[in-house]
1. With springs only between Cα atoms under 10 Å apart, run a GNM on the chain and tell me which of 215, 384, 375 wobbles the most.
2. Take the alpha-carbon centre of the range 286-332, take the same for the range 126-145, and report the distance between them in whole Å.
3. Under 1.5 on a/c is rounded, so check that first for the range 1-101, then, if it is not, pick prolate when a/b is larger than b/c and oblate when it is not; a ≥ b ≥ c are the square roots of the alpha carbon gyration tensor eigenvalues.
4. Any idea how far apart residue 177 and residue 215 come out in nm if each label point goes 7 Å out from Cα toward Cβ?
5. For the range 63-118 and the range 3-22, what is the centre-to-centre distance using only Cα atoms, to the nearest Å?
6. Pairs of Cα atoms under 8 Å, at least six residues apart: use those to get the relative contact order of the range 183-288, whole percent.
7. I'd like the antiparallel share, as a percent to the nearest 5, of DSSP beta bridges with both residues in the chain.
8. Taking neighbour Cβ counts within 10 Å as the exposure measure, how do 110, 258, 329 sort from fewest upward?
Ligand code: NAD
């Protein structure tokens with residue numbers, strides 16, 4: 001079939017297999033241009049198929065030379081409908097791993113469930129023995145916990161309603177958006193989904209099954225952002241979940257003295273998860289503009305290769321702030337960058353939107369995530385949407 005993008009609000013419901021493969025190849029090339037470091041050799045990536053998790057898997061392969069087991073929740077094609085981007089990304093990742101002769105296998109299923117945890121343990125035992133790093137990079141709208149209760153996450157404020165400038169990406173108009181406060185139940189539910197409970201559960205079960213090496217490292221990804229977005233992000237429902245995740249780092253370290261748990265606070269970037277957050281797209285569009293002008297803009301792969309090669313396994317050892325967090329948002333949070341963003345934020349109007357916002361850059365990242373708008377791909381060509389994944393384990 002000929003595959004075109006079908007964009008609905010902040011999601012694209014189609015994905016291009018050749019374009020997604022191109023996206024993975026480009027990320028592999030970036031990682032390969034960075035140094036190799038001595039680090040973990042058997043890596044489990046939970047949430048491995050898109051965004052930060054995919055970048056982690058790629059950097060584990062290229063910069064650590066590691067074997068990887070990945071967990072994802074993706075949809076294969078049924079011949080009429082395309083697969084999801086994460087499916088195609090994973091197919092290409094596995095192909096490239098095999099080309100290098102390095103093990104890569106993927107499990108497609110609900111990482112929150114006990115069944116997938118058990119399946120993971122079984123595969124680690126059989127194929128890898130033990131793993132020495134666990135990356136936790138899930139971004140999910142809901143979670144059914146071990147007791148069978150389903151929780152949903154929401155993106156709301158806590159306390160009062162919050163009204164701020166907002167960018168309508170369909171029309172490039174600057175307007176206002178009001179974000180309503182969450183109920184206690186919604187807040188609790190978001191913490192259940194995006195907080196640290198499941199991360200801790202993973203480490204507990206892997207440890208209990210004796211499939212984690214001594215001194216294994218586990219890293220969960222977080223975001224804090226500037227005061228500007230605090231009402232919707234850090235002081236909102238998602239921020240409350242992230243603060244729970246931060247607390248979980250200490251709990252894992254206390255419960256398992258031979259596991260080193262870290263939080264990596266990453267940069268704000270357009271991914272499938274983040275494009276759904278209200279108000280944030282305007283901040284990202286200004287952030288992209290300011291950081292690109294300064295020459296410090298990074299995508300997921302630049303962030304994670306820097307994390308692995310400089311801040312986790314580099315010559316200075318693990319580089320953390322006073323809270324024990326690894327700060328990959330260091331360039332984003334630079335005072336000069338934030339001052340410039342605030343100036344732009346105050347000044348931007350619909351008529352001047354392109355002067356202050358990197359709208360094209362935002363959309364380029366958005367389409368690229370689904371394998372579209374790569375200039376070396378012929379999108380008029382028929383492609384087979386059904387792409388098998390070699391190492392998939394059902
Ligand atoms: P993403 O949507 O690109 O990736 C989410 C991954 O989780 C995918 O691989 C998906 O298949 C997998 N997944 C979702 N539900 C699952 C389930 N039930 N079972 C198994 N796999 C499942 O998101 P992302 O932006 O890369 O986010 C990853 C992490 O990084 C999140 O914790 C997020 O908060 C954090 N982070 C994101 C940003 C940002 O700006 N995008 C910044 C800092 C930190």
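1. Result for the chain, Cα springs under 10 Å: 375 fluctuates most.
2. If we compute the Cα centre of each part, the gap is 23 Å.
3. Working: a/c = 2.17, a/b = 2.02, b/c = 1.07.
It comes out prolate by the Cα gyration axes.
4. 4.5 nm
5. Measuring centre to centre over Cα atoms gives 18 Å.
6. Details: 116 pairs, mean separation 36.4, N = 106.
With pairs under 8 Å counted, the relative contact order is 34 percent.
7. Details: 13 of 45 bridges.
Beta bridges within the chain, antiparallel portion: roughly 30 percent.
8. Details: 110 15, 258 10, 329 20.
Lowest count first: 258, 110, 329.
Coordinate-derived values only; no laboratory data. Everything numeric in this text was worked out from a predicted model, so none of it was measured. With ideal geometry, Cβ positions are generated from the backbone for all residues, glycine too; neighbour counts draw on all protein chains shown.
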